[in-house]
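Have a look at the structure below before the remarks.
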Amino acid sequence: MNTDAALAALAALAHPTRLEAFRLLVQHEPEGLSTGQLVAASGLTQSTFSTHLAVLAKAGMVKSEKRGRQFIQRAEIDALKGLMLFLAKDCCQGRAELCEPLLAELACC
């Protein structure tokens, strides 16, 4: 992931509605959730939520699949991994002890 992609992802996630929707989608991988389920969970109108979903999609954080008559939204797990690696890649600076606690925390979940 490059700096521009990381900034786009961080900007997309820097809103409470979008962050909550993305976290919800991550919890429902790999099956995803319908757009209607996400709208209901958000408590927003369809049009307002669609704007938030478009921001996440433009940043490459979610993807939409058509299944029958529904659109299923899924988290882009590879984009999440890329963002996390981008943020943590240089934290160790050759000293593994700096990142080991972070890796241990992620492994336990």
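Read-outs throughout are calculated quantities, based only on the coordinates presented, and are distinct from any laboratory measurement. This one's a predicted model, so the numbers in the text were calculated from it and none came from an experiment. Here Cβ is always computed from backbone atoms with ideal geometry, including for glycine, and neighbour counts include all displayed protein chains.
Data overview
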| read-out | value |
| --- | --- |
| Cα→Cβ-extended label distance, 7 Å offset, between Asp90 and Ser50, nm | 4.1 nm |
| Proxy reagent accessibility, fewest Cβ within 10 Å first, across Cys92, Cys108 | Cys108, Cys92 |
| Relative contact order [Cα under 8 Å, 6+ residues apart], region 3-108, whole percent | 26 percent |
| Degrees separating the helix 46-58 axis from the principal Cα axis of the chain, which is the longest one | 40 degrees |
| Long-range HN-HN contacts of Ile72 with modeled amide H, under 5 Å | Glu65, Lys66, Arg67 |
| Gain on full stretching of the segment that runs from Cys108 to Lys81 - 0.36 nm per residue minus C-alpha separation | 8.1 nm |
